[in-house]
Amino acid sequence: VLLNAAISGDPATKLMALAALANFSSERALATLSTAASDPDDQVSSSAVTFLSTRREEEATEVLVELLSIADLAEKAKAALLVPTETRASGLLVALQSADHDLAGVLVSILSRLQRPEARVALLSAMKLDNVAARKAAAPVLSARRDREMTSILQEASQNDPDEEVRHICTLLLGQ
């Protein structure tokens, strides 16, 4: 009944159904919220993004990352990704593995603003990813924080990163 109501033509009915579905941890509920995030009705779309922001599944983070590429939803998705959940940082790290330059910058910015231990670990891990764009985006954030472990990772990257540009960026950030 709720799944059918979530795709009805009436925005009020959709909103009520989405609010109820937000409490279910099924794949179908997540898929319905994901679809509703792109609903033409702004209130339905905003509600779906808000409900996605508090979900614990990494897949919810994946959906929100995908919404970053939709101009009308990008700011809502960024705000939603800043809501800390148990899997938010790990989901963002997964997204960083294949992110292009622009997306990597956004994802690293979100991780840096989460201010949670698991986000810090994800930032450190970003410097070890195969994705050059992720490493380029993470380096300035690590430099700005200037804690011992982050500085050590930058020093390592300045000497041994497989990408010449990442090595150069890290060298500049360290002031060497």
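The values are calculated or read from the model by the stated rules, or taken from the named source; none is laboratory data. Here the structure is a predicted model, which is why all the values come from computation and not from measurement. All Cβ positions, even for glycine, are placed from backbone atoms using ideal geometry, and neighbour counts span all protein chains on display. Keep in mind that these areas ignore ligands, DNA and RNA; they rest on the heavy atoms of the full protein, side chains included. Shrake-Rupley method; radii C 1.70, N 1.55, O 1.52, S 1.80 Å.
Before moving on, here are some points about what is shown:
- Verdict on L30 being closer than 27 Å to A99 by Cβ, among the aliphatic types (A, V, I, L, M), modelled with pLDDT under 95 and not in a loop (DSSP other than H, G, I, E, B): yes
- A single entry from R120, R56, R113 fulfils the requirement of being buried (at least 19 other Cβ atoms within 10 Å of the Cβ) and either touching a residue at least 24 places away in the same chain (Cβ under 8 Å) or part of a helix (DSSP H, G or I) (or both): R120.
- Residue in the range 61-71 that is of a type outside the set (A, V, I, L, M, F, W, C), open to solvent by less than 70 Å² (accessible area, probe 1.4 Å) and touching a Lys or Arg at 6+ places or on another chain (Cβ under 9 Å) present: yes
- Cβ-Cβ under 9 Å pairs, at least 6 apart or on other chains, the range 138-162 side more than 16 Å from S109 (Cβ to Cβ), far side among the small types (G, A, S) and outside any helix (DSSP H, G or I): none
- Residue under evaluation N23, criteria (1) more than 21 Å from the chain's Cα centre (by Cα); (2) modelled with pLDDT of 90 or more; (3) closer than 26 Å to K78 by Cβ, criterion not met: (2)
- Residue in the range 8-21 that is surrounded by 14 or more Cβ atoms within 10 Å (Cβ to Cβ), assigned to a helix (DSSP H, G or I), of a type outside the set (D, E, K, R) and in contact with a Lys or Arg (Cβ under 8 Å, 6 or more places away or on another chain) present: no
- Residues in the range 126-156 that are in contact with a Ser or Thr (Cβ under 9 Å, 6 or more places away or on another chain), more than 16 Å from D102 (Cα to Cα) and open to solvent by less than 40 Å² (accessible area, probe 1.4 Å): L142, S143, M150, T151, L154.
- Any hit, the range 97-105, residues being under 20 Å from T32 (Cα atoms), open to solvent by 20 Å² or more (accessible area, probe 1.4 Å) and acidic (D, E): no
- You will find that of T61, T85, the residue that is in contact with a Gly (Cβ under 6 Å, 6 or more places away or on another chain) and among the hydroxyl-bearing types (S, T, Y) is T61 and no other.
- Criterion: out of contact with any helix residue (DSSP H, G or I) (no Cβ under 6 Å at 6 or more places or on another chain) and outside any helix (DSSP H, G or I) - qualifying residue of A79, A144, A71: A71
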